[in-house]
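This report concerns only the one structure given below.
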Amino acid sequence: MGRRVLITGIGSFWGGRVAQALEQDPDVEMIVGLGVDEPQVPLERTEYVRADQSYSILARIVRATQVDTILHTFLIVDSTHATGRQLHEVNVIGTMNLLAAAGAPDSSVRTVVVKSSTLVYGSSYQDPAWFKEEANRVHSPKTRVERSLLEVEDYLRDFAEDNPHVVVSLLRFSNVLGTDIETPFTKMLQLPVAPSILGFDPLLQFVHEVDVVRSIEYVMTSQVPGAYNVSGDGKLPWSEVASICGQRLVPLSPVLTGLAVAPLGMLGLLDLPPELLALLRYGRGVDNRRLKQAGFSYRYTSAGAVESFAEASRLRKTLGDQPGYRYERDVENFFRHSPAVLREV
Amino acid sequence: MAASKTTTGGALVPIRTRIPPETLPNPRRSDVDEWGRSERARSLARRVYDPLYRRWFRAEWEGLEKIPVDGGALLVANHAAAIPSDAPVIMHGIETELERPVYGLAEHLFKALPFVGTGWSRLGGVAAHPENAYRLLREQRQLVLVFPEGAKGTGKTYDERYQLRRFGRGGFVEIAMRAGVPIVPIAVVGAEESMPILFKVPAVSKALGIPYFPVTANHLLFGPLLGSVAYLPAKFKLRVLDPISFDVPPEQERYSKSRIMDEAESIRVRLQENLYDMLRTRRSVWFG
């Protein structure tokens, strides 16, 4: 029997991407996509269920579909689009409901994969050059997004302890770049000039969106429990990132930086949340060797991810934005369930 | 529900084997490595610094052959001068004489300062974190330089010169044990007189959040600006002491605290004795 998989946040970038990848896998028998929003990418056989963002109906879905695997891709890591309340509802309450459903006494769930972020390590001048998975952050978290992600990880640790029969994998991704993803980094790198902090040129790591999807698929299929950092090899200074993207840097004041960027944010020119300002000052490095030892191989280095992003944005500049996919419920239902469609192999 | 029909032949024979690791494209534009060092910046700095090292400080080494030519080793030295002049002398000396890179560990605070932090990192400095030291020593088998006295050593006033301060909590011994590398002590004479502190202004350092705010002899001689960067031409003498190896298994979670403190203290005493010995034979601060 093949795997029965539930993906959260099917309407988000990652949920859609992961579902697309799993549809190609003949070992995956059934995919349920849960989401507040409709899928943004064309999906062949994923069943989309609209749910509120805290997943209150999740226990019912798990019981009804008897899924054995949950891929939790719906954690907000970009705080520029979310209010504090949303962060709490989606990240903390959503995960809590998800794990409650997965840990119910008669639950069929045997694998849980959570997509978190290296934001949990923070970024400060007292950091080691490389964070290992078991390392603790140096300062207590000050930003909302970091606090909510740490709370999620706490829930997950408890869940793993209480449910030893479930393989729990936690993936912490560094800054994602690629051809399609939009993050605070891609937005900065597509402005006429990119911001930096005067006197600082931090070392940064990146991971390509392809490797994000591949690593989620990898830990799901090879069943490797534990926490893993996911980041391309190598580090590069921010100035070099800008230069690969053909960007000029405009330095911001190193003192009272938050105050200096606040008016830019209000004008809608540039939204730099505190966790990003810390990154532009001190950078962050994570040790990516544990996942490699578990057998995963990357397709992109940090510099390779930046290059791939730069090429894609040059292409976009020439062609303009291409019309995207639009979800039509009736059409999708027709192809999936109408007796008129021949579905034999 | 049945799987959707396969449209391509390739998907009929799914490739499940792991892709063998190959070298991935790594399109770099600068030569800044993963520690933040830039070879170009370093070679430029070496060219600029070399006359200062040879003509101004006239650094003279004794026992340089005791520094291992390969494998990791932790170099430990006494620390002095308001803006420490000993770190560049030791690093430049070993890098030019032995042609081995030295990674100088410095106070985290460095990293928080604009320009200074980035500059120090490009030239070969690394933040003093046990994880960083372990990685350099054990995994990358490099030479690492630490000053166990830290800012307590450089913040000494002139009347306290060559009196070694407490060696922290012995963290450097623990790192050497865990990394399984020897400790090589280096006694340095001359740094104390290159920028001696006359007195400190605690109110200013507290306001700026820095360890100390010194008023130096250089300030009186050269003025507040030039005096903050110009060293007096004290003669540098450096003596490398016998390496110390520990007969404990590496990579242990923890080591006996009493053993660590004993080893740290014995290294401190040896350095102190050698400093007294070198001062006994020194005829002139400026000519050695």
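Can you sort A:Leu256, A:Leu119 so the residue with the fewest Cβ neighbours within 10 Å comes first?
On the way: A:Leu256 10, A:Leu119 27.
Neighbour counts put them in this order, fewest first: A:Leu256, A:Leu119.
Which value in nm describes the separation of the simple spin-label points at B:Arg270 and A:Lys187, placed 7 Å from the Cα toward the beta carbon?
It is 5.8 nm.
Pairs of lysine in region A:3-337 with Cα under 23 Å and at least 8 positions apart or on different chains: total?
For region A:3-337, the number of qualifying lysine pairs is 11.
Given the options A:Ser12, A:Ser222, A:Ser239, state which has the largest fluctuation in a GNM of chain A using a 10 Å cut-off (strictly under) for Cα springs.
Of A:Ser12, A:Ser222, A:Ser239, the Gaussian network model singles out A:Ser222 as fluctuating most.
Could you tell me which of rounded, prolate or oblate describes region B:84-193, using a ≥ b ≥ c as the square roots of the eigenvalues of the alpha-carbon gyration tensor, with rounded for a/c under 1.5 and, failing that, prolate when a/b is larger than b/c and oblate otherwise? Write down the numbers at each step before the final one.
On the way: a/c = 1.36, a/b = 1.24, b/c = 1.10.
Rounded, since a/c falls under 1.5.
Grab the other residues whose beta carbon is less than 9 angstrom from that of A:Ser302, score K and R as +1, D and E as -1, and report the net.
Numbers: positive: A:Lys235; negative: A:Asp233.
My count for the surroundings of A:Ser302 gives 0.
Set the Förster distance to 41 Å, then compute FRET efficiency between A:Ser124 and A:Phe335 from the Cβ-Cβ distance, nearest 0.05.
Working: r = 51 Å, r/R0 = 1.25.
For R0 = 41 Å, the calculated efficiency reads 0.20.
Output the 0 to 90 degree angle, nearest 10, between the alpha-carbon long axis of helix B:257-280 and the longest principal axis computed from the alpha carbons of chain B.
Its long axis makes an angle of about 40 degrees.
Can you tell me what the convex hull of the Cα atoms of region B:225-273 projects to on average, as an area in nm²? Before the final figure, lay out each step's value.
Numbers: hull surface 26.5 nm².
Mean orientational projected area (region B:225-273, Cα hull): 6.6 nm².
Per-residue mean of other chain beta-carbon atoms within 10 angstrom of the beta-carbon, peptide B:25-38? Working shown, then result.
On the way: counts 7, 10, 9, 10, 10, 8, 1, 7, 4, 10, 4, 8, 0, 1.
The mean count of partner-chain Cβ atoms within 10 Å per residue comes to 6.
At what distance in nm do the modelled label points of A:Ile57 and A:Glu161 sit from each other, each positioned 7 Å from its Cα along Cα→Cβ?
3.4
Starting from the Cα gyration tensor of region A:200-345, take the square roots of the eigenvalues, sort them a ≥ b ≥ c, and report rounded, prolate or oblate (rounded when a/c is under 1.5, otherwise prolate if a/b is larger than b/c, else oblate). The partial results should precede the final answer.
Values: a/c = 2.26, a/b = 1.45, b/c = 1.56.
Note, shape of region A:200-345 comes out oblate.
Explain nothing, just the number: dipole magnitude of chain A about its Cα centre with +1 on each Lys and Arg Cβ and -1 on each Asp and Glu Cβ, in debye rounded to the nearest 20.
Values: 34 positive and 41 negative charges, 102 e Å.
Dipole of chain A, to the nearest 20 debye: 500 debye.
For the residue pair B:Ala203 and B:Trp286, what label-to-label distance in nm results when each label sits 7 Å from Cα along the Cα-to-beta-carbon direction?
3.6
Residues with amide H under 5 Å of A:Ala51's amide H, sequence separation 5 or more or different chain, H placed in the peptide plane at 1.01 Å from N; which?
Correct list: A:Gly35, A:Val36.
Could you put A:Thr65, A:Thr73 in order, starting from the residue whose Cβ has the fewest other Cβ atoms within 10 Å?
Working: A:Thr65 17, A:Thr73 25.
With the sparsest Cβ surroundings first, the list reads A:Thr65, A:Thr73.
Cβ under 12 Å from A:Arg17's Cβ, A:Arg17 left aside: what net charge do those residues give with Lys, Arg +1 and Asp, Glu -1? Present the calculation step by step, with values, prior to reporting the outcome.
Details: positive: A:Lys115, A:Arg214; negative: A:Glu23, A:Asp180, A:Glu209, A:Asp211, A:Glu217.
Here the count lands on -3.
With a sphere of radius 14 Å drawn around the Cβ of A:Lys142, what net charge do the other residues whose Cβ falls strictly inside it have (Lys, Arg +1; Asp, Glu -1)? Walk me through the intermediate numbers first.
Working: positive: A:Arg137, A:Arg144, A:Arg147, A:Arg281; negative: A:Glu146, A:Glu275.
Charge balance in the 14 Å sphere: +2.
Taking every residue in B:133-144, how many Cβ atoms of other protein chains lie within 10 Å of its Cβ, on average? All intermediate terms of the calculation are to be shown ahead of the outcome.
Details: counts 1, 1, 5, 1, 0, 0, 0, 0, 0, 0, 0, 0.
Mean shielding by partner chains, rounded to a whole number: 1.
Rounding to the nearest 20 debye, state how big the charge dipole of chain B is about its Cα centre with +1 on each Lys and Arg Cβ and -1 on each Asp and Glu Cβ.
My answer is approximately 660 debye.
Which one, A:Thr301, A:Leu203, A:Val176, is farthest towards the positive end of the dipole of the protein assembly as shown when Lys and Arg carry +1 and Asp and Glu -1 on their Cβ?
Of the listed residues, the answer is A:Leu203.
Rule-of-thumb check for the protein assembly as shown: C-alpha Rg over 2.2 N^0.38 Å? Show your work: numbers first, answer last.
On the way: Rg = 28.9 Å, N = 633, 2.2 N^0.38 = 25.5 Å.
Taking the Cα Rg and dividing by 2.2 N^0.38 Å, one obtains 1.13.
Who wins for biggest fluctuation among B:Gly170, B:Gly153, B:Gly190 in a Gaussian network model of chain B, springs between alpha carbons below 10 Å?
Of the options given, B:Gly170 has the highest mean-square fluctuation.
If a helix is a whole DSSP H run, which ones in chain A reach 15 Å or further along their own axis (Cα) and hold a mean Kyte-Doolittle hydropathy of at least -0.5? Walk me through the numbers before you get to the answer.
Working: long enough: A:13-23 (16 Å, 0.11); A:144-162 (27 Å, -0.83); A:209-222 (20 Å, 0.33); A:302-319 (26 Å, -0.09).
Helices meeting the criterion: A:13-23, A:209-222, A:302-319.
For n ≥ 4 DSSP H runs only, could you compute -39500 (n - 2.57) per run for the protein assembly as shown, divide by its residues and tell me the 222 nm figure to the nearest 500? Can you show the working numbers first?
Numbers: 24 runs with 225 residues, N = 633.
So the calculated ellipticity at 222 nm is -10000 deg cm²/dmol.
Whose amide H sits under 5 Å from the amide H of B:Thr216, counting only residues 5 or more places off or on another chain, with H placed in the peptide plane?
B:Leu198
By the gyration tensor of its Cα atoms, with a ≥ b ≥ c the square roots of the eigenvalues, what is the shape of region A:1-104: rounded for a/c under 1.5, prolate for a/b over b/c, or oblate? Please report the intermediate quantities before stating the final value.
Numbers: a/c = 2.19, a/b = 1.33, b/c = 1.65.
Oblate, because a/c is 1.5 or more while a/b does not exceed b/c.
Taking the Cα atoms only, what angle lies between the long axis of helix B:86-97 and the longest principal axis of chain B, rounded to 10 degrees?
70
Taking neighbour Cβ counts within 10 Å as the exposure measure, how do A:Ser253, B:Ser194, B:Ser43 sort from fewest upward?
Numbers: A:Ser253 13, B:Ser194 27, B:Ser43 10.
In order of increasing Cβ crowding within 10 Å: B:Ser43, A:Ser253, B:Ser194.
Read the figures in this text as sums done on the coordinates, not as results from a lab. These numbers were taken from a predicted model, which means no experiment stands behind them. Quick reminder, even Gly has a Cβ in these numbers, built from the backbone with ideal geometry, and neighbours come from all protein chains shown.
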